[in-house]
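A.B. asks: My structure is below; once you've seen it, I'll send some questions.
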Amino acid sequence: MNEQSRFDTRCVHAGQAPDLLSGAVMTPVYFTSTYLQEGLGQHKGYEYARTRNPTRDAVQGNLAALEGAQHGVAFASGLAATQAILELLDGGDHLILGNNVYGGTYRLVDKIMQRFGLTYTQVDTSDLAALAAALKPSTKLVMLETPTNPMLGLSDIAGVRKALDAAGFKGVLAVDNTFATPFNQQPLSLGADLVFHSTTKYLNGHSDSIGGVVVTSRQDLADKLFFIQNAAGAILSPMDSFLVMRGTKTLHLRMERHNQSALRIARWLEARTDIPKVYYPFLESHPQHALAKAQMRGGSGIVSFDTGDAERTRRMASAFKVFALAESLGGVESLVCHPVSMTHGSVPAADRAKLGLTDSLLRLSVGVEDVEDLIADLEQALKA
Ligand SMILES: Cc1ncc(COP(=O)(O)O)c(C=O)c1O
């Protein structure tokens, strides 16, 4: 493993070296809160485990390498990672938020950070003119999500960077890359300053851990984020660090299958006459299909579709046998979610209506089971 190693090799090895003490090939889980010091100020770089932990160091190095970043800073959840980015700002600063960001991101900004003096504007970040028009002298952060959850709209990351530079923006461009993963999309190479993730989703990939990470190659931002990680204390635990690292060892294999199966299912749904609307970036009918192909390697595993009938959607949601009706996404097992009643309840109804986030929408997280079994399950649930 070296700087030139390709993505698949980085998935398996980056950030991890055999344990010096035992030769263990897998990074040990360091369950310790503190470290022996040989004398005052004499230690091996580890003093207290909120500040540093070797298992967390390893996963941070791994996740940074996957995004082509120099630094990774891991947090207790995706929202704790988002909160750390918001803590880079001061009271009175303004931020711009995509108009279809994850409901929890919106809730954090609107219900908590606003109380501490941050102001925000939500815009459609796929509209570069609208984005530029929303900039104020006090705007210090632009936070976007692409693809969005659950409507799978895209923003042109390189285009956003160009528009911000042209407008003289000197703040930070942060991209939530949870849906695409670094396998499908590398926002730092397209001009983002920060990339963040809910590692809970594809990076862990097995639905057995909650976590988050922020990665960057900017030393000034990394210094501030490590300070916030230690000072605010929302760290990723040693066990969760291990679980995320075990997940990323197969990220490339899983994402290949998620991409393939989701596209197959999206095409199958689109071919049906009883499903009026299917959302998936790699469908030719997606309004930003050209951007998807230019910016992403594959469309990832999320497919949303609208049956056009809220009652039918409700019946269907309870009829699946392989897809589990559950929140979250990105695991090896397939899940189905009704965004209006499950993940996006905190988004005001008027805003949901504008986005097309209707009562009859379902979101699939297509797992790595046999795709024919998944299609058979969809078929029987549609008959319900
Ligand atoms: C796109 C996106 N970002 C951030 C989060 C928040 O992550 P967590 O649930 O790990 O706090 C989620 C959770 O669903 C998400 O879907």
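A.B. asks: Using packing as a proxy for protection, rank 238-244, 217-223 so that the peptide with the highest average count of other Cβ atoms within 10 Å comes first. Could you put the intermediate results ahead of the total?
C.D. replies: Details: 238-244: 22.6, 217-223: 14.6.
Per-residue Cβ counts within 10 Å, averaged per peptide and sorted highest first, yield 238-244, 217-223.
A.B. asks: Go through LYS44/LYS249; LYS249/LYS383; LYS224/LYS354 and tell me which ones have a Cα-Cα distance over 31 Å in this structure. The partial results should precede the final answer.
C.D. replies: Numbers: LYS44/LYS249 28 Å; LYS249/LYS383 39 Å; LYS224/LYS354 37 Å.
Too far apart for the 31 Å limit: LYS249/LYS383; LYS224/LYS354.
A.B. asks: Among the trypsin sites (Lys or Arg not before Pro) within segment 5-55, which fall in a DSSP loop and have no more than 14 other Cβ atoms within 10 Å of their own Cβ? Could you put the intermediate results ahead of the total?
C.D. replies: On the way: sites: ARG6, ARG10, LYS44, ARG50, ARG52; in loops: ARG6, LYS44, ARG50, ARG52.
Here the trypsin sites (Lys or Arg not before Pro) that fit, given the DSSP loop and packing criteria, are ARG6, LYS44.
A.B. asks: Using only Cα atoms, tell me the angle between helix 54-66 and the longest principal axis of the chain; keep it within 0 to 90° and round to the nearest 10.
C.D. replies: Once rounded, one gets 50 degrees.
A.B. asks: Oh, and also: Given a 1.4 Å probe and every protein chain left where it sits, what share in percent of the accessible area of the chain is carbon and sulfur?
C.D. replies: Details: 8750 of 16040 Å².
Exposed carbon and sulfur together represent 55 percent of the surface.
A.B. asks: Near LYS162, which aspartates and glutamates are there with a Cα under 18 Å away, not counting those fewer than 8 places off in the same chain?
C.D. replies: Cross-link targets: ASP124, ASP127, GLU145, ASP193.
A.B. asks: On to the next question. Counting only heavy atoms of the protein chains, get the accessible area per residue of segment 113-219 (1.4 Å probe) and round it to a whole Å² value.
C.D. replies: On the way: 3540 Å² over 107 residues.
It amounts to 33 Å² per residue over segment 113-219.
A.B. asks: Relative contact order (percent) for segment 7-248, with alpha-carbon contacts under 8 angstrom and 6 or more residues of separation? List each step's numbers first, then the result.
C.D. replies: Details: 455 pairs, mean separation 61.1, N = 242.
Dividing the mean separation by the residue count of segment 7-248 yields 25 percent.
A.B. asks: Jot down the per residue volume, in cubic angstrom and as a whole number, of the convex hull over the alpha-carbon atoms of segment 1-99.
C.D. replies: Values: hull volume 16.8 nm³, N = 99.
Per residue, the Cα convex hull of segment 1-99 comes to 169 Å³.
A.B. asks: Please work out the FRET efficiency for the pair ARG50 and GLN219, using the Cβ-Cβ distance as r and a Förster radius of 25 Å; give the result to the nearest 0.05.
C.D. replies: On the way: r = 22 Å, r/R0 = 0.88.
Efficiency, from the Cβ-Cβ distance: 0.70.
A.B. asks: A follow-up question, please. Compute a Gaussian network model of the chain, connecting alpha carbons closer than 10 Å, and tell me which residue from PRO276, PRO150, PRO187 fluctuates the most.
C.D. replies: PRO276
A.B. asks: Label 7 Å along Cα→Cβ of GLU333; segment 346-377 residues with amide nitrogen under 13 Å?
C.D. replies: 367-369
A.B. asks: In whole angstrom, how far apart do the alpha carbon centroids of segment 261-297 and segment 34-69 sit?
C.D. replies: Between the Cα centres of segment 261-297 and segment 34-69 lies a distance of 43 Å.
A.B. asks: So what's the angle, to the nearest 10 degrees on a 0 to 90 scale, between helix 157-166 and the longest Cα principal axis of the chain?
C.D. replies: Roughly 70 degrees between the two axes.
A.B. asks: Now a separate question. Using only the Cα atoms, what convex hull volume per residue in Å³ does the chain have?
C.D. replies: Numbers: hull volume 54.2 nm³, N = 384.
It comes to 141 Å³ per residue, whole-number rounded.
A.B. asks: Which of the aspartates and glutamates could a cross-linker bridge to LYS293, judged by Cα under 16 Å and excluding same-chain residues fewer than eight apart?
C.D. replies: Straight-line reach from LYS293, under 16 Å: ASP156, GLU256, GLU284.
A.B. asks: Taking the 0 to 90 degree range and rounding to the nearest ten, how far is the long axis of helix 238-248 tilted relative to the main principal axis of the chain, both from C-alpha atoms?
C.D. replies: Here the helix axis deviates by roughly 50 degrees.
A.B. asks: Another question, if that's okay. May I ask for the distance between the Cα centers of segment 328-363 and segment 182-220, given as a whole number of Å?
C.D. replies: 22 Å
The values are calculated or read from the model by the stated rules, or taken from the named source; none is laboratory data. In this text the structure is predicted, and so the values were computed from the model without any measurement. All Cβ positions, even for glycine, are placed from backbone atoms using ideal geometry, and neighbour counts span all protein chains on display. With ligands, DNA and RNA removed, areas are computed over all heavy atoms of the protein, side chains included. Shrake-Rupley method; radii C 1.70, N 1.55, O 1.52, S 1.80 Å.
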